[in-house]
Structures are given as structure tokens and as C-alpha cells.
Amino acid sequence: MSISKEKLQGNLNKKYTFELVENLDSTMDYIKKYVDERKFNHIVIAKEDGGKDGGKSISTINMSLLIKDDISIEEVLKINTLTSTAVYSALKELYDIDLGLKWLNDLILDDKKVGEILCQYPQTAGNKLDYLIINVVLNTKKVEISGNLAEIRAIESVRNIQIDENLLLIKIVDYIDKYLRDDSTYLEIYKQASSIIGKEVDVYTNNESFSAVALLVNKYGYLLLDKSGEIVPLLSGKVSIKKK
């Protein structure tokens, strides 16, 4: 079921305003125009994803939220983990699907990436952020092209179910709002859903690459690693499970 204004209106969390925009390549870029207007708690949703993958269309939930929250600079990474947990919780509640959450941005299902979380925030001289933009992209539908099913990494093609994108989007927003208001519950869920905690990983940063064991994600969203007996916090970089 494609996303529609009628389905969302009256059902989406009343705290948020929203708009659907046709064939939008980047909801993150689009929503930035509302920063100067201070139009917070606003959601921009791409009605049809403009993205392509090797010429194969991918039907997605693609939305960005512009929020103002009492978040410090040191806590900003937790928004990625918090939002990932919101998507996990929504899919678990509605469809009993267990996503794997791969620090920092990736949403994994049966070893396939089916979505990602991105966050943007302004440079600031102080400790508190003026605003946050949260972007959720989730591949939901298998799309038929010229009578053939495109082999895309979408939830429906991996699990052979039908996703109600309106209901799922509403539920994701509900969980994001819940975890923003009370962040005491999401972290344990994230740890349980993590696809890398307790595993040996290869880590790639701007300065180096090394092997380590992923220990946990702390309350700030940092990934704590055991690097040859030394506990190292990772704030950015790429992590992959070490191949045996």
C-alpha cells in the first residue's frame, strides 16, 4: 500500500506536521528550508522514491524529521541508535520481524541491508544543538518491472510479506517520539538487536584500520571496542564483521 496523505492524516502523531512531496531525491535537503522558519516537529515524506539501483526501482519509506531537542554535542550519536531502535520496534510490533542493527547507520535483514538512518546537525559554538534532522530510509516493497520481480534488497522480497507503509511509518514516528522523550528503554533493545555486539570486527577510520571485538554501545551512541585489551570508543568509521 503506497503512502497517502489520507491514510496518514488523523493517525500520525499529532505532535508532528507533515507533507508528502512527489519524486523527491533527498528529503534531508528539502527539509532544510524549514530551519530558518523554525518549523520544528515537521516531517517531509517522499511519496515516491526517486532512487534507482542498477536500473531497478526500489520502493521505500523515505522521510526526514526536523526536530529541536535538548541534545548535547556529545550525545548526538545516540540519535542514530535511538532511531534505528525505533524502526526495529515498529517492525517487531507490526510484523514480528527482527532487524539487525549495524552500528552506526545500517538496518539489516537476513544479512541484507534494507535501510539506513542518517542524522545531520549544525555546527555550533555551544554545547547544545540548535536542531536535528533525522532521515529514515527503509526498502519495503518488491517492485515488478516488465513482468519480472526486481531482485532488490527489500523487506517484502526477503520475508515474503506485505507491508502497509502508512501504518509502518506512523509506528516508526511513534517510537522515535517515545524514545526521544524517554531514552531509558531503547538502549537495551538496541543491544539485543545489534548484529555486531560480541563479535570480532574490522574497523576502518580516516586514520587507520584494525581488528577488535565490539563490546557494547554506550548511552552516548559510541561503540566500545576491545582493541588488543584496550577499550577504545569509536565515534565514526565503518565496521564490518570479520570474515573467517
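The values are calculated or read from the model by the stated rules, or taken from the named source; none is laboratory data. As the structure is a prediction and not an experimental result, all values here were calculated from the model. A quick note on method: Cβ atoms are made from the backbone with ideal geometry, for glycine too, and the neighbour counts reach across all protein chains shown.
At-a-glance table
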{"item": "Filter result for the condition that a residue is touching a Ser or Thr at 6+ places or on another chain (Cβ under 7 Å) and among the hydrophobic types (A, V, I, L, M, F, W, C), over Ile189, Ile196, Ile231", "result": "Ile189"}
{"item": "Per-region count, the stretch 60-118, residues touching a residue at least 60 places away in the same chain (Cβ under 8 Å), more than 20 Å from His42 (Cα to Cα), in a strand (DSSP E or B) and touching a helix residue (DSSP H, G or I) at 6+ places or on another chain (Cβ under 8 Å)", "result": "2"}
{"item": "Residue check for Glu156: modelled with pLDDT under 95, part of a helix (DSSP H, G or I) and not β-branched (Val, Ile, Thr)", "result": "yes"}
{"item": "Single condition Ile197 does not satisfy, out of (1) assigned to a loop (DSSP other than H, G, I, E, B); (2) among the β-branched types (Val, Ile, Thr); (3) at pLDDT 95 or above; (4) touching an Asp or Glu at 6+ places or on another chain (Cβ under 8 Å)", "result": "(4)"}
{"item": "Hits in the stretch 217-238 (condition: surrounded by 13 or more Cβ atoms within 10 Å (Cβ to Cβ) and at positive phi)", "result": "Gly221, Gly237"}
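For every residue, the table says whether it meets (1) at pLDDT 95 or above; (2) over 22 Å from Gln162 (Cα atoms).
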residue	(1), (2)
Glu19	yes, yes
Glu22	no, yes
Asp29	yes, yes
Gly50	no, no
Gly54	no, yes
Ser89	yes, no
Leu107	yes, no
